[in-house]
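Report on the structure given below.
The values are calculated or read from the model by the stated rules, or taken from the named source; none is laboratory data. Quick caveat: nothing in here was measured; it's all calculated off a predicted structure. In this analysis, Cβ positions are derived from the backbone assuming ideal geometry, glycine residues included, and neighbour counts consider all displayed protein chains. Only protein heavy atoms, including side chains, enter the accessible area calculation; ligands, DNA and RNA are left aside. Shrake-Rupley method; radii C 1.70, N 1.55, O 1.52, S 1.80 Å.
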Amino acid sequence: MRGTRVLRITLWVFWGLWAAACVVLAVGAVANHLASRTQTLPLVLSPGASAEIVVYRFIDDRLRLRLRYPPNAADPALDPEVLMRIETPNEHADFRASVRSGPPATEVVRRVETVETAGFTAAYFGYGRGDALPRGRSWLRVTVLEVEPALLGRPATVEVQPPLDLLKLTDLDYIWLWPFFFWKLVALLLLIPGTALVIFTIALRRQRPRAV
């Protein structure tokens with residue numbers, strides 16, 4: 001009886017550890033999804049047009065933006081001027097779309113850079129002045145100030161880049177979430193001890209009447 005009781009206690013301890021591992025995996029997977037998803041704002045390229053989106057950050061974060069829109073059939077090499085105002089709870093500044101990046105595709109992709117800052121730091125809203133996005137739930141508002149006639153009235157999308165990516169760590173403060181990109185593999189591995197615990201639990205319950 002004593003041996004059975006020790007075995008039962010040990011079994012419940014392992015069940016507790018397994019359940020804790022499942023909870024950590026579930027929370028980490030959800031947090032990884034929130035930190036690695038790219039959010040989009042549909043926007044009409046017309047002066048005065050505005051769009052707003054709710055964002056969430058676990059840690060104060062800088063803002064990284066890209067502008068997407070269909071290519072100009074008349075001259076696909078043109079990068080017409082687009083001037084926008086970006087507002088968050090912590091910051092507001094004027095931005096312009098830079099030259100397009102990457103190979104030719106079905107859409108034009110242009111990085112959004114601050115007007116007052118040049119060089120590498122121009123792509124990071126809040127760089128050197130404090131983080132643009134505060135921790136927790138906040139908002140981002142984009143307003144078109146000026147746009148050249150070649151893009152006037154065209155539909156576009158502003159992409160809010162995530163702080164975490166599978167192939168590159170955009171923000172090192174989020175490195176603790178990177179392993180959760182592989183949550184499906186870990187979940188499969190957790191099935192092995194989970195199955196073993198179920199088998200041992202059933203076997204122990206079947207032995208209980210015999211002990212009596």
**Report entry** Members of the stretch 20-33 that are open to solvent by less than 50 Å² (accessible area, probe 1.4 Å) and either hydroxyl-bearing (Ser, Thr, Tyr) or closer than 20 Å to Ile175 by Cβ (or both)
**Finding:** Leu25, Gly28, Ala29, Ala31, Asn32
Report summary line: Exception for Arg141 within (1) surrounded by 13 or more Cβ atoms within 10 Å (Cβ to Cβ); (2) at pLDDT below 90 falls at (2)
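Going through Pro42, Pro89, Pro70, Pro47 one at a time, which residue ends up being more than 27 Å from Asp165 (Cα to Cα) and touching a residue at least 24 places away in the same chain (Cβ under 8 Å)?
On the way: Pro42 fails: more than 27 Å from Asp165 (Cα to Cα); Pro89 fails: more than 27 Å from Asp165 (Cα to Cα); Pro70 fails: more than 27 Å from Asp165 (Cα to Cα).
On inspection, the qualifying residue turns out to be Pro47.
Considering only residues that are at pLDDT 65 or above and either over 18 Å from Arg62 (Cα atoms) or in a strand (DSSP E or B) (or both), which ones fall in the stretch 104-124? Steps first, please.
Kept after step one, since they are at pLDDT 65 or above, are these residues of the stretch 104-124: 106-116.
Passing the criteria: Thr106, Glu107, Val108, Val109, Arg110, Arg111, Val112, Glu113, Thr114.
Would you mention how many residues in the stretch 11-46 are in contact with a helix residue (DSSP H, G or I) (Cβ under 7 Å, 6 or more places away or on another chain) and of a type outside the set (Phe, Trp, Tyr)? Can you show your working first?
Initial filter on the stretch 11-46 (in contact with a helix residue (DSSP H, G or I) (Cβ under 7 Å, 6 or more places away or on another chain)): 11, 14-15, 18, 21-22, 25, 28-29, 31-32, 35, 45.
Of the ones still in play, those that are also of a type outside the set (Phe, Trp, Tyr) are 11, 21-22, 25, 28-29, 31-32, 35, 45.
Qualifying residue count, the stretch 11-46: 10.
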Requested in this report: Would you tally the residues in the stretch 35-67 being in a strand (DSSP E or B), touching a Pro at 6+ places or on another chain (Cβ under 9 Å) and surrounded by 14 or more Cβ atoms within 10 Å (Cβ to Cβ)?
Outcome: 7
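Restricting to the stretch 1-19, and then to whatever is among the aliphatic types (A, V, I, L, M) and open to solvent by less than 50 Å² (accessible area, probe 1.4 Å), can you tell me which residue is modelled with the lowest pLDDT? Walk me through it before giving the result.
Narrowing the stretch 1-19 to residues among the aliphatic types (A, V, I, L, M): 1, 6-7, 9, 11, 13, 17, 19.
Going one step further and asking which of them are open to solvent by less than 50 Å² (accessible area, probe 1.4 Å), we end up with 11, 19.
Working: Leu11: 86, Ala19: 95.
Top of the filtered list is Leu11.
Which of the following residues is more than 30 Å from Ala196 (Cβ to Cβ), at pLDDT 85 or above and of a type in the set (Lys, Arg): Arg62, Arg68?
Numbers: Arg62 fails: at pLDDT 85 or above.
Of Arg62, Arg68, the one residue that is more than 30 Å from Ala196 (Cβ to Cβ), at pLDDT 85 or above and of a type in the set (Lys, Arg) is Arg68.
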Query raised in the report: Got a number for residues in the stretch 151-175 being surrounded by 12 or more Cβ atoms within 10 Å (Cβ to Cβ) and either modelled with pLDDT under 85 or in a loop (DSSP other than H, G, I, E, B) (or both)?
Result: 11
